[in-house]
Structure formats: structure tokens, C-alpha cells
Amino acid sequence: MVNFIIFCCLAVMIVVMSILAVTAKKILRAATYLLFVLIGTAGLYLLLNYHFLAAVQVSVYAGGIVVLFIFAIFLTSNKGEMVETHNIRRIIYGVLTSVAGIALAGFVLLKHRFLYSGNATVEGDTEINMKMIGTALMGTEKYQYLLPFEVLSVLLLACIIGGILIARKK
């Protein structure tokens, strides 16, 4: 029962902060709301006993990516700059698309039966072995991810260099 209450609180927080992130007038506030969404997602991972994934969520996404977004916001926008408001037609299309997405997700949830009795992680009995995760992330064999990990680091370095070049031009 306590897990259900925590799940509901996290779900409400994620939904509210997501709505605030896309409707905020100031772009820096939108990035802050995105940070809270990512922290709430890490809380959901903790409920599923995915402690490693929760730590990665907080350190990489909430820590690194949001800081990179804020860095880009500070480099490319003026202080106190407000986001333009859209005309009513775009707002209606956005609402219709959101309702269609909610209807599709509801249809899938109601149409399929999900069985959790055989999944030990949902019941909270076991956790994935950290050695297996480390080997999968840093291995060089088939189904191991060292090369994509290094490519991602080069991509982030290129983004930082691009940000510095944009800042120097101003």
C-alpha cells in the first residue's frame, strides 16, 4: 500500500512538472521543471529496485544533461527572455495530439493484461547484478556498449566546444 501511495505521488509530480515544463513562459523555469521530472523518474526506478538505473538517471540526465541545457540557455538567450506564445490553432492541435496519445495509451493498458507475478524485480525481491551491468556497459564484445559510450562522450565534447564558440562570437 505504501508503494502505491509513493507511486501515485511520483506520478502526479511527473505529470504536473511535465505540463509546467512545456507551458512555462521563461525558458530557464522550463529547464528547472524538466529537472524535477527527471528526478521523479529516478524515484520510479527506485520503486522498481533499479538502483543503478536511478543513479544513472540522476547523475547523467538530471546532473549532466540539464546542466548542459541551462548552459546552452545562458549562452543563447538574453536575460529574462520570454518564450513566444503560440496562436490558438497550434494550441488546439497540441491538445488534440495529447488527447490522442492519452487515448492510445489507455487503449493499450485496458486491452492487454500485464502479469507481474513472475517478475521478481516488480515484487522487490531481487536486484540486477552490478557486475553484469558494468560488463555490459564497458565490454567490447557482442551486445556490449563501450563504443557507443565513447561516441557519446565525443558528441558531448563537440557540444561543449560549439557552445564555447557561440559564446566567443558574442
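The values are calculated or read from the model by the stated rules, or taken from the named source; none is laboratory data. Keep in mind it's a predicted model, so treat the numbers as computed, not measured. Every residue, glycine among them, receives a Cβ derived from its backbone with ideal geometry; neighbour counts consider all protein chains shown.
Name the pairs whose Cβ atoms lie under 6 Å apart, with the first residue in segment 29-58 and closer than 18 Å to ILE6 by Cβ, the second surrounded by fewer than 18 Cβ atoms within 10 Å (Cβ to Cβ) and of a type in the set (D, E, K, R), and 6 or more positions between them or separate chains?
ASN49/GLU127
Hey, could you check segment 36-60 for residues that are at pLDDT 85 or above and of a type in the set (Phe, Trp, Tyr) and say which is nearest to ILE14 (Cα to Cα)?
PHE36
Against the conditions (1) of a type in the set (Ser, Thr, Tyr); (2) at pLDDT below 85; (3) within 18 Å of the chain's Cα centre (by Cα), where does TYR33 fall short? Just the number, please.
Every listed condition holds for TYR33 apart from (2).
Quick one: in segment 69-97, of everything that is among the aliphatic types (A, V, I, L, M) and modelled with pLDDT of 80 or more, which residue is nearest to ILE19 (Cα to Cα)?
Among those residues, the one meeting the criterion is VAL95.
Can you tell me how many residues in segment 16-31 are assigned to a helix (DSSP H, G or I) and either closer than 17 Å to THR76 by Cβ or among the small types (Gly, Ala, Ser) (or both)?
Going through segment 16-31 one residue at a time, the tally reaches 7.
Quick one: what pairs do we get from segment 76-94, first residue closer than 24 Å to CYS159 by Cα, second modelled with pLDDT of 70 or more and of a type in the set (A, V, I, L, M, F, W, C), C-beta under 8 Å, 6+ apart or different chains?
THR76/ILE166; SER77/ILE27; GLU81/ILE27; VAL83/ALA24; VAL83/ILE27; VAL83/ALA30
Could you grab me the full set of residues in segment 98-130 that are basic (Lys, Arg) and at pLDDT below 80?
ARG113
I'm trying to understand the selection: among the residues of segment 127-154, which are of a type outside the set (Phe, Trp, Tyr), loosely packed, with under 11 Cβ neighbours inside 10 Å and part of a loop (DSSP other than H, G, I, E, B)?
Those that are of a type outside the set (Phe, Trp, Tyr), loosely packed, with under 11 Cβ neighbours inside 10 Å and part of a loop (DSSP other than H, G, I, E, B): ASN129, THR140, GLU141, LYS142.
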